[in-house]
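Here's the structure we're looking at; comments come further down.
A short reminder: the numbers here are calculations on the coordinates, not readings from a lab. It should be emphasised that the depicted structure is a prediction, and the values quoted were computed from it without experimental measurement. Here the Cβ is made from the backbone with ideal geometry for all residues, glycine too, and neighbour counts use every protein chain on show.
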Amino acid sequence: MMDNKIALRPLEASDRQRFAQLANNINIWNNVRNRMPHPYSAEDADEFISMALTPGGPTIRAITLDGTLVGVIGLHPAQDVYEGTAELGYWIGEPYWGLGLASAAVKEMIQIGFKELKLRRIFASAYDYNTASMRVLEKNGFENEGVAKAAVLKNGKVFDEVKYGLLP
C-alpha cells in the first residue's frame, strides 16, 4: 500500500504541459480508446482540459500525488435509456504504475458518482490484455458482467473487451 497523499481535483489550464508529458506515451495509448491522440501534444491537452471544464459534460478530475498531476479519471454520462449511469475511464502516467494510485482514485471517483452525481450505476471496460485495469476495478467492487468477444480493434488487432458494472 502507498503512504503518499492522493487527491482528485478539477483539471486546470496550467496542467497542460504535465498532462501532455504523461499522456504522450504509447503504453498508455495502448490501453485507452483511439479518440485519445497519439502522439499527444500540449494542444491536445488544452482541448481535453477545455472539454473537462465545460459545464454539463463528463465529470473529470486530475489525479494528484502529493500535489503533482499523475493521471486523469472521469465519469462520462450515458445517454437515452442509460440516463443515470456513467462510464468510468482513467489512466495513470507510466512512472506511477504499480503504486495503487488507480485503485485509490477509482475509490474516490465512485464516491463522487454515487453521492454527488446520484448515479444508479457505474460501468467500465478493459481490453482483455489489460489485467492491471481489471484488478483495479475488481478491488473496488466492480463485477465482471461478461466479455464482448472481438469487440475492440486496437493497433490493427482484434481483442475482447471485458465489461464491468457497479451499483451503489
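See the values below:
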read-out	value
Signed unit charges on C-beta, dipole axis of the chain, positive-most listed residue Ala150, Pro10, Ile49	Ala150
Neighbour-count ranking [beta-carbon atoms within 10 angstrom, fewest first] of Met134, Met51, Met36, Met109	Met51, Met36, Met134, Met109
Mean shadow area of the chain over all directions, Cα convex hull, nm²	9.6 nm²
Computed helical MRE - 222 nm, the chain, DSSP H runs ≥ 4 contributing -39500 (n - 2.57), nearest 500	-7000 deg cm²/dmol
Shape call, the range 71-168: gyration tensor on alpha carbons, a/c limit 1.5	oblate
Burial ordering of Leu8, Leu167, fewest other beta-carbon atoms within 10 Å first	Leu167, Leu8
DSSP-assigned coil residues among GluC sites (Glu not before Pro) in the range 13-89, each with at most 12 further Cβ atoms within 10 Å	Glu83
